[in-house]
Amino acid sequence: METLFNQGSNLAEAVDRAFIFIFAISFIFTIGITVLMIYILVHFSRKKNKNPKQFSHNTKLEVIWTVVPLIIVLMMFYYGWVGFAPMRQVPADAMPVTVIGRMWSWEFDYGNGKVSKELVLPFNKNVKLNLVSRDVNHSLFIPAFRVKEDVIPGYENYMWFRPIMKGTFDIYCTEYCGLAHSAMLSKVIVLDSLEFKQWLTELKVPDNLPDPPGLVIIKANACITCHSLDGSKVIGPTFKGLYGRKTLVVTESGDKEIEANDEYIKKSITDPNAEQVKGYNKGLMQSYKEKISAEDLDKIVDYFKISVETK
Ligand SMILES: [Cu+2]
């Protein structure tokens, strides 16, 4: 709920003003029209008006119902424009951050080697987000900041704002981009400028053990958009505890139980539709036969082995 009412950025107030204005007008008209309709129904009913009068027009009334709404919609336009125009004028001192949207995650690249899964920003500094999509249309939405822009492949879109509230705020994708669209979430974290500088120059990831080679390949091929490492079910089965796991699979010749060994895992990657894990959809996972070499397949299998042994 919090993010609904926080005005987390410099742009939020004008957006809220336009929204509240339009909302108030709609509210007044909804009530007004309903009351008027009920009044007319009763007052001009046939029972009360045995002999209806015939007339063609009423200039005074027509002028009023044209001019008043015209003024109202022009005011709506005015509030909308006053809120919108500054959003497209990026201040020269804005700090650039590249936002990369892909199925189904956000990534924030600070241009100095720092890449983050969360959008960490300094308090009260202008920031420009360059919006890049690696695959389909996405849309970056930060409700607390009242900013939303489409992220379109092959098109350089952007947004800017100045966070005026410290704390953590939600990020959503608001363009339906496939199965796990609703899980395409992240956070904005607004820090003191000093804390931010420390964070920005700290290039090590918190758990600074390098990933095993197999995991590097898994991450590079974005397998983890569909397979979790922590046991949760995403689009496909989790990789946690995969090696040696007993699994029910659907084959051309019926269901059978298999144990995930080297051969099965490799086949799952190069020919995913041959043996389907029961309960998951066919055809989601594409074959990686052309993309992953035999050597890399070994590394992936090794990774699954060690990750089971060390658990
Ligand atoms: Cu998306």
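Data overview
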read-out	value
Search result, residues across segment 127-157 that are within 12 Å of the ligand (Cβ to nearest atom) and either without any contact (Cβ under 8 Å) to a residue 24 or more places away in the chain or of a type in the set (Asp, Glu) (or both)	Asp135, Asp150, Ile152, Pro153
Top-ranked residue of segment 158-186 - restricted to ones that are more than 16 Å from the ligand (Cβ to nearest atom) and in a strand (DSSP E or B), ranked as nearest to Ser105 (Cα to Cα)	Phe169
Output for segment 80-137, where each listed residue is touching a Leu at 6+ places or on another chain (Cβ under 9 Å), aliphatic (A, V, I, L, M) and part of a strand (DSSP E or B)	Met95, Val97, Val99, Ile100, Leu119, Val120, Leu121, Val127, Leu129, Leu131
Residues (aliphatic (A, V, I, L, M) and away from the ligand (no atom under 16 Å from the Cβ)) located in segment 84-122	Ala85, Met87, Val90, Ala92, Ala94, Met95, Val97, Val115, Val120, Leu121
Residue check, Asp192 within 30 Å of Asp262 (Cα to Cα), surrounded by fewer than 18 Cβ atoms within 10 Å (Cβ to Cβ) and away from the ligand (no atom under 16 Å from the Cβ)	no
Lys117, sole failed condition from (1) at pLDDT 95 or above; (2) in contact with a Ser or Thr (Cβ under 8 Å, 6 or more places away or on another chain)	(1)
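The values are calculated or read from the model by the stated rules, or taken from the named source; none is laboratory data. Just so it is clear, the model here is predicted, and its values are computed rather than measured. Cβ atoms come from the backbone with ideal geometry, glycine included; neighbour counts cover every protein chain shown.
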